[in-house]
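J.: The structure follows.
The values are calculated or read from the model by the stated rules, or taken from the named source; none is laboratory data. The structure displayed is predicted, hence computed values, not measured ones. All Cβ positions, glycine included, derive from the backbone under ideal geometry; neighbour counts span all protein chains shown. Each accessible area value is taken on the protein alone, full model and side chains, heavy atoms only, with ligands, DNA and RNA left out. Shrake-Rupley method; radii C 1.70, N 1.55, O 1.52, S 1.80 Å.
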Amino acid sequence: MRRTSFAPLFILTGVSFVASPLDSQTGTPAPGKSALLIGISTYNHPDIAVPAGAPPTGRFDPAITYPDLKGPKFDVQAMKGLLTGDRFGFKDEKRIHVLLDENATRAGILAAMQKYLVEEPQPGDTAVLYISSHGSVRVDPKGHGDLFVAGYLENTIVPYDWYTGADDIFSRDLRHVFNLAAARGIHVTAIFDSCHSGSLSRGAAKP
């Protein structure tokens with residue numbers, strides 16, 4: 001079975017702290033704006049040896065392939081240009097964080113979301129998450145049901161290191177991050193340019 005999807009890329013930049021401008025009406029610090037932009041273009045990795053004892057199924061099924069994508073790195077550039085333009089006013093480019101290809105592993109993506117969507121923004125800030133990549137549909141890893149039982153599938157983002165057996169970024173992973181951000185009063189806008197993205201934020205808290 002051949003499945004096609006899209007995945008995000010991250011390029012992590014150094015951490016910087018910039019004094020927030022004052023709100024012209026109240027004289028208090030204005031809410032900050034930051035973004036995490038992920039683009040993954042490279043998926044057609046060389047074959048690797050299947051780990052000893054691992055069955056040729058799941059990520060090691062030779063029938064599952066994810067072709068390279070042409071758009072993600074350009075999508076990330078375009079989104080950065082849009083956010084930093086006059087319309088949206090993300091003026092501090094040091095708060096625009098990017099992950100691309102080999103930096104957009106499963107671990108890298110999760111760590112970047114925790115840092116740039118939950119830990120660094122302050123209450124009242126706006127944070128944008130943008131992902132351009134392959135997406136997929138996976139059975140719940142807890143083993144409930146089977147591939148065709150409604151309610152036991154999750155939409156996912158396919159990370160750069162999928163070919164090593166690394167798991168996808170599941171909707172439950174994203175939901176966890178979004179709920180942590182909401183609990184801190186951070187306003188998150190998430191944009192997914194990938195297949196199977198319809199329910200990636202399902203279950204996230206609503207203000």
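J.: Tabulate in residue order the Karplus-calculated ³J(HN,Hα) for the range 33-40, using 6.51 cos²θ - 1.76 cosθ + 1.60 with θ = phi - 60°, rounded to whole Hz; enter x for Gly and Pro.
T.: After applying 6.51 cos²θ - 1.76 cosθ + 1.60, I find 10, 8, 8, 10, 10, 10, x, 10 Hz.
J.: Take ASP86 and VAL139, extend 7 Å from each Cα along the Cα→Cβ direction, and tell me the distance between the two endpoints in nm.
T.: 5.6 nm
J.: Short version: ³J(HN,Hα) in whole Hz for each residue of the range 106-111, in order, from phi by Karplus 6.51 cos²θ - 1.76 cosθ + 1.60 (θ = phi - 60°), x for Gly and Pro, what are they?
T.: Once rounded to whole Hz, the list reads 4, 5, x, 5, 5, 5.
J.: Enumerate the amide H contacts of SER41 below 5 Å, restricted to partners 5 or more residues apart or on another chain; note that Pro and chain-start residues carry no placed amide H.
T.: It is ASP101, by chain and number.
J.: Could you pull out every residue, at least 5 positions away or on a different chain, whose amide H is within less than 5 Å of the one on PHE90? Hs are placed 1.01 Å off N in the peptide plane, and Pro or chain starts have none.
T.: Amide H to amide H, under 5 Å and 5 or more residues apart or across chains, PHE90 pairs with THR84, GLY85.
J.: Between THR189 and THR65, with labels modelled 7 Å along Cα→Cβ, what's the label distance in nm to one decimal, could you check?
T.: Spacing of the two 7 Å Cα→Cβ label points: 3.8 nm.
J.: Then there is this: Just reorder MET113, MET79 by solvent-accessible area, largest first, 1.4 Å probe, all chains present.
T.: On the way: MET113 0, MET79 30 Å².
So the residues, ranked largest to smallest area, are MET79, MET113.
J.: How large is ³J(HN,Hα) for each residue in the range 154-167, as worked out from phi by the Karplus curve 6.51 cos²θ - 1.76 cosθ + 1.60 (θ = phi - 60°), to whole Hz, x for Gly and Pro?
T.: Going residue by residue, I get 10, 6, 9, 9, 8, x, 4, 8, 4, 5, 8, x, 4, 6 Hz, with x marking Gly and Pro.
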